[in-house]
1. Taking 7 Å along the Cα-to-C-beta vector as the label spot, tell me the residue 138-residue 20 distance in nanometres, rounded to one decimal.
2. Cα gyration tensor of the chain, axes a ≥ b ≥ c as square roots of the eigenvalues: rounded (a/c below 1.5), prolate (a/b > b/c) or oblate?
3. Per DSSP H run of n ≥ 4, the term is -39500 (n - 2.57); total these for the chain, divide by its residue number, and report the mean residue ellipticity at 222 nm rounded to 500 deg cm²/dmol.
4. Using Cα centres only, tell me the gap between segment 179-205 and segment 132-159 in whole Å.
5. Please compute, over every Cα-Cα pair in segment 173-253, the percentage with a separation greater than 15 angstrom.
6. Mean separation of Cα pairs under 8 Å and 6+ residues apart, divided by the residue count of segment 12-246: what relative contact order is that in percent?
7. Taking 0.36 nm per residue of separation and subtracting the Cα-Cα distance, what length does fully extending residue 280 through residue 314 add?
8. Test of understanding: what is the full-extension gain from residue 110 to residue 127, defined as 0.36 nm times their sequence separation minus their Cα-Cα distance?
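Derivation of every value follows stated rules applied to the coordinates shown; laboratory data play no part. Remember, it's a predicted structure, so these values are computed and weren't measured experimentally. For neighbour counting, all protein chains shown are included, and Cβ atoms are generated from backbone atoms with ideal geometry for every residue, glycine included.
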């Protein structure tokens, strides 16, 4: 679990400096990764199921990971556990291999199961989550299996939403910013710091990923971002649960906040799965039936689709906060920004 065990309270300038360093590192890394793609002759090539028209550099996730790592090592006011970096490194290696060579699905699944198990065993009290979500009827010995399945589903759901320039990176930026603000407000500064560093790195990435994109995050990026969103979600939930002054009702209702933040990619993946099953089509094959594809078919351009999906994501987040706090949006925004 990522918590503020040393009770360090950093200055306001520390947060801004962290975000700026991560942004500048990411901004500097992306042209280097584009050159690496050219040297390796490794591009995301257009085909029938893809939207982009030209060969595009990939593996932008390397820049996001390196920005997080260097910012952490440079400022290192907080401690992020070794198992966290080990898990992340496994996914980075898997993503790079997949972007360059194209891994078979069962090899990627092996990597994803491995990091999910490491996270559950080392960093998360899953029984609390099942209890607060009303799922404690699931036997204790089955809960880790259910959680591993959920983590893998979400990592892949986030990968599938990465189909329009700027979409996955922008959704991640919104969600990490919200997780950062929540954890800052709760006093869980290490997790807030991680989220703000990632926000800075994603802004740098989006400079090169907005339409027309010069680089994609690739599986290197989508896998680590999907996993990091799960890490942020579960650790935020667990830290909130252990805030002693909160009542039972507040602890139970916080699951709505987490659900609102994670919902869009997962909802789209479930919808696609059910529609394909209904029409007797293989649910695991790539296709052009995701929500961004459907919006493009209405005549909207990529930038309009991205803005609409950003807005839907924000609506889900605010809906979760409204249910949790039972207060108007203006009060919720004030609460989130109170200490900033």
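1. Label-label distance for residue 138 and residue 20, simple model: 4.4 nm.
2. Taking the square roots of the gyration eigenvalues as a ≥ b ≥ c, the chain is rounded.
3. Values: 13 runs with 245 residues, N = 340.
Calculated at 222 nm, the ellipticity per residue is -24500 deg cm²/dmol.
4. Going from one Cα centre to the other spans 24 Å.
5. Numbers: 1966 of 3240 pairs.
Distances greater than 15 Å cover 61 percent of the Cα pairs.
6. Details: 312 pairs, mean separation 82.0, N = 235.
That works out to 35 percent.
7. Working: separation 34, 0.36 × 34 = 12.24 nm, distance 3.33 nm.
Between residue 280 and residue 314, full extension yields 8.9 nm more.
8. Details: separation 17, 0.36 × 17 = 6.12 nm, distance 2.41 nm.
So the extension gain works out to 3.7 nm.
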